[in-house]
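Before anything else, here's the structure in question.
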Amino acid sequence: MAMRTSLILSSSLERSWVTGVWSAMRLLGGWCGCAEGVEGLTGGLRRGLATQPSFRYLAAVNFLAHLLLSGPNDDLIVGNFAAEAVRGRAALEAYPAAVQRGIRLHRLIDSFTDNHPVVRRSTARLREQGLGKWAGVVADVGYDHLLARDFARYTYRPQEPLAAFSQRMYTILQARHNELPERLQHMFRYMREGDWLTGYAQPEGLARALDGLSRRVPGAEVLATGGAAFLAERPAYEMDFEEFWPEVRAAVDELINT
């Protein structure tokens, strides 16, 4: 493995990070078009699990990869970050064209990831490990853990450690805070205060987050075993991620450069 960014999280910070994620979920219940609140949000999630389970409802999972793949362009960064809360043509067209490109980039990344055979291979392996319909959740969390842990290997700027990248993203998004959808503005406060972008760099953070979700999301008790399952087969998932990352990056670069 290439040089790694070291992040030591105290137990109190890890607890704060998980609590912040859960608190933000309460603010985001309407994102999926379901009833307000956590029950509606998780209900909408369960309905979507029948095809391709995803971790879209936990911003801490997706945003590290999404923001990194945005490259150095601030408009792409803002659009990619805002995309989860932008629904419908009218909402999309309310943004300047440059930010719309970031929103479309986010959607391409989601579609590419959900349909990629390597990601499906990881999900199938986790399903065999007993994670059932929640296998996709653990795969997404685990991939972000691998990205955070070996950030210097995968970043566009090898000289910029994860902590510095995270602070740069927070600074850009804070400067354009008023361009974000209202619910995302609320969530961003939790994200920045809890430093979500670095939260999965340590195995303990991965396991603690999944365990916290297992106790808070109805029907997700099996997630308590997700961290251990992923780490038990980490070499296999590392190989999957090493194969997947250059391909999603190439797909993103092609879109950005056209």
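If you check every pair at least six apart or on different chains, which have Cβ atoms under 7 Å apart with a residue in region 237-258 that is within 9 Å of Val118 (Cβ to Cβ) first and a residue that is part of a helix (DSSP H, G or I) and modelled with pLDDT of 95 or more second?
Asp240/Val118; Asp240/Arg121; Asp240/Ser122; Phe241/Leu146; Glu243/Val118; Phe244/Val118; Phe244/Val119
Now for a separate question. Looking at region 207-233 only, could you name the residues that are free of Cβ contacts under 8 Å to residues at least 40 places away in the same chain and within 12 Å of Arg125 (Cβ to Cβ)?
If the condition is that a residue be free of Cβ contacts under 8 Å to residues at least 40 places away in the same chain and within 12 Å of Arg125 (Cβ to Cβ), then no residue fits.
Name the single residue, out of those in region 197-244 being part of a loop (DSSP other than H, G, I, E, B) and surrounded by fewer than 23 Cβ atoms within 10 Å (Cβ to Cβ), that is nearest to the chain's Cα centre (by Cα).
Per the stated criteria, the residue is Gln202.
Kindly list, by first and then second residue, each pair from a residue in region 128-148 that is free of Cβ contacts under 8 Å to residues at least 40 places away in the same chain and more than 17 Å from Asn115 (Cβ to Cβ) to a residue that is small (Gly, Ala, Ser) and surrounded by 23 or more Cβ atoms within 10 Å (Cβ to Cβ), limited to pairs with Cβ atoms under 9 Å and residues at least 6 apart or on different chains.
Close Cβ pairs satisfying both conditions: Glu128/Ala135.
Out of Leu41, Leu64, Leu92, Leu76, I need the residue that is in contact with a helix residue (DSSP H, G or I) (Cβ under 7 Å, 6 or more places away or on another chain), at pLDDT below 95, in a helix (DSSP H, G or I) and over 22 Å from Gly226 (Cβ atoms). Which one? Show your work before the answer.
Working: Leu41 fails: over 22 Å from Gly226 (Cβ atoms); Leu64 fails: over 22 Å from Gly226 (Cβ atoms); Leu76 fails: at pLDDT below 95.
After applying the criteria, what remains is Leu92.
Only one of Pro235, Pro203, Pro246 is touching a helix residue (DSSP H, G or I) at 6+ places or on another chain (Cβ under 6 Å) and either at pLDDT 95 or above or not hydrophobic (A, V, I, L, M, F, W, C) (or both); which?
After ruling out the rest, the residue left standing is Pro203.
Another question about this same structure. Can you tell me which residue among Ala139, Ala163 is touching a helix residue (DSSP H, G or I) at 6+ places or on another chain (Cβ under 8 Å) and within 16 Å of Ala232 (Cβ to Cβ)? I'd like the intermediate steps shown before the answer.
Values: Ala163 fails: within 16 Å of Ala232 (Cβ to Cβ).
So the residue among Ala139, Ala163 that is touching a helix residue (DSSP H, G or I) at 6+ places or on another chain (Cβ under 8 Å) and within 16 Å of Ala232 (Cβ to Cβ) is Ala139.
In region 105-192, which helices (runs of 4 or more DSSP H) lie fully inside it and hold 1 or more residues that are at pLDDT below 90, under 29 Å from Tyr95 (Cα atoms) and among the acidic types (Asp, Glu)?
Correct list: 135-149.
Which of the residues that make up region 218-258 are more than 12 Å from Ala139 (Cβ to Cβ) and of a type in the set (D, E, K, R)?
Passing the criteria: Glu221, Arg234, Glu238, Glu242, Glu243, Glu247, Arg249, Asp253, Glu254.
In region 75-90, how many are surrounded by fewer than 16 Cβ atoms within 10 Å (Cβ to Cβ) and either in contact (Cβ under 8 Å) with a residue 24 or more places away in the chain or within 19 Å of the chain's Cα centre (by Cα) (or both)?
Here the count works out to 1.
The values are calculated or read from the model by the stated rules, or taken from the named source; none is laboratory data. Quick caveat: nothing in here was measured; it's all calculated off a predicted structure. Cβ coordinates were reconstructed from backbone atoms using ideal geometry, including for glycine residues, and neighbour counts include every protein chain displayed.
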